[in-house]
Amino acid sequence: MKIPKQINTYCPFCRKHTAHKVRQQRKNPARSLSWGQRQFLRVQKGYGSQPRSEQRTFAKTTKKATLILECTECGKKHVRSWPRTKRLRVGE
Ligand SMILES: [Zn+2]
């Protein structure tokens, strides 16, 4: 599914329809010094298997997406969930 880079939609801060810049929310890289990540790396060291079992089978073939909408008038951002799609392209 293709979504334009800029859409006209409701801004809850301006309380009216304005132009919004669209981008897709991506997963941030793991912080290497956070407590959970240090614990994970320590448990993974040496012999033995994974601390948690790896998921091999997936029931769903698609993923839900989250769009970040940035208002061009006030500059504030809000998010919108997007229905399940195999592939999402913003700005094409
Ligand atoms: Zn606004």
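The values are calculated or read from the model by the stated rules, or taken from the named source; none is laboratory data. Treat the numbers as computed from the prediction; the structure is a model and nothing was measured. Neighbour counts are summed over all protein chains in view; Cβ atoms, including those assigned to glycine, are modelled from backbone coordinates with ideal geometry.
The table for this structure:
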| quantity | calculated |
| --- | --- |
| Matching entry among Lys21, Lys45, Lys5 (being away from the ligand (no atom under 16 Å from the Cβ), within 12 Å of Leu69 (Cα to Cα) and charged (D, E, K, R)) | Lys5 |
| Residue within region 37-46 that is out of contact with any helix residue (DSSP H, G or I) (no Cβ under 7 Å at 6 or more places or on another chain) and loosely packed, with under 10 Cβ neighbours inside 10 Å present | yes |
| Scope region 46-74; condition of a type in the set (D, E, K, R) and in contact (Cβ under 8 Å) with a residue 12 or more places away in the chain; matching residues | Lys60, Lys63, Lys64, Glu70, Glu73 |
| Selection count where residues are under 22 Å from the mean Cα position of the chain (by Cα) and modelled with pLDDT under 95, scope region 34-55 | 4 |
| Single unsatisfied condition, Pro83 versus (1) surrounded by 10 or more Cβ atoms within 10 Å (Cβ to Cβ); (2) part of a strand (DSSP E or B) | (1) |
| Test result for Leu33, surrounded by 10 or more Cβ atoms within 10 Å (Cβ to Cβ) and outside any helix (DSSP H, G or I) | no |
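For every residue, the table says whether it meets (1) in a loop (DSSP other than H, G, I, E, B); (2) over 18 Å from His17 (Cα atoms).
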position	(1), (2)
Val43	no, yes
Gly46	yes, yes
Arg52	yes, yes
Arg56	yes, yes
Ala59	yes, yes
Leu67	no, no
Glu70	no, no
Arg87	yes, yes
